[in-house]
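Remarks on the structure that follows.
The values are calculated or read from the model by the stated rules, or taken from the named source; none is laboratory data. Keep in mind it's a predicted model, so treat the numbers as computed, not measured. We place every Cβ from the backbone using ideal geometry, glycine too, and count neighbours over all the protein chains shown.
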Amino acid sequence: MILEQVILAIKPGFESECETALTEAKEVISQAAGFRSLTLRRSIERPSIYLLLNEWDTIEDHMVGFRESDLFVRWRGLIGPYFEADPKFNIFNCQSVAFRASERWRSVWH
């Protein structure tokens, strides 16, 4: 499994419209093979900045199956008009080190 982290810079004043578009866009991305989940978080300090997290079965599902499909064209068509700048993204392996306040550091390798 992989995790895609995307930083979205939205045109100031269009945050609400973008959030509405993302509601429709999540229905599009959820049709892609290998798609697992989508999480959206809005910045407190910079309200036009969003953190988007997408989980996929494999990097190929994301980079080839989705990014090279008509679903991606539809996805980007819904939310792209609200971008102030190109999204910045990173892809992570879901093997990780986890920490919770009530625990000591522990390695969580899958």
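Can you list the strands (runs of 3 or more DSSP E) found entirely within the chain that contain at least 1 residues being within 14 Å of the chain's Cα centre (by Cα) and modelled with pLDDT of 95 or more? Give the derivation first.
Working: elements: 2-9, 35-42, 49-56, 88-93, 96-98, 106-108.
In the chain, the matching strands (runs of 3 or more DSSP E) lie at 2-9, 35-42, 49-56, 88-93.
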Check: Restricting segment 28-56 to residues that are of a type in the set (Lys, Arg) and either in contact with a Gly (Cβ under 9 Å, 6 or more places away or on another chain) or surrounded by 13 or more Cβ atoms within 10 Å (Cβ to Cβ) (or both), which is nearest to Pro81 (Cα to Cα)?
Finding: Arg42
Item checked: Residue list for segment 72-97, filter: in contact with a Phe, Trp or Tyr (Cβ under 9 Å, 6 or more places away or on another chain) and hydrophobic (A, V, I, L, M, F, W, C) -> Phe72, Trp75, Ile91, Val97
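Here is a yes/no grid of residues against (1) out of contact with any strand residue (DSSP E or B) (no Cβ under 8 Å at 6 or more places or on another chain); (2) farther than 16 Å from Cys18 by Cβ:
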{"site": "Gly34", "(1), (2)": "no, yes"}
{"site": "Tyr50", "(1), (2)": "no, no"}
{"site": "Trp56", "(1), (2)": "no, yes"}
{"site": "Arg74", "(1), (2)": "yes, no"}
{"site": "Pro87", "(1), (2)": "no, no"}
{"site": "Phe92", "(1), (2)": "no, yes"}
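Could you tell me how many of the residues in segment 16-27 are over 15 Å from Asp86 (Cα atoms) and in contact (Cβ under 8 Å) with a residue 60 or more places away in the chain?
So the first thing to find is which residues in segment 16-27 are over 15 Å from Asp86 (Cα atoms), and the list is 16-17, 19-27.
From the residues that got through so far, the ones that are in contact (Cβ under 8 Å) with a residue 60 or more places away in the chain too are 17, 21.
Number satisfying all stated conditions: 2.
With respect to Pro87, determine if the residue is exposed (fewer than 12 other Cβ atoms within 10 Å of the Cβ) and within 18 Å of Pro12 (Cβ to Cβ). Walk me through how you get there before you give the answer.
On the way: exposed (fewer than 12 other Cβ atoms within 10 Å of the Cβ): no; within 18 Å of Pro12 (Cβ to Cβ): yes.
No; evaluated as a whole, the condition is false for this residue.
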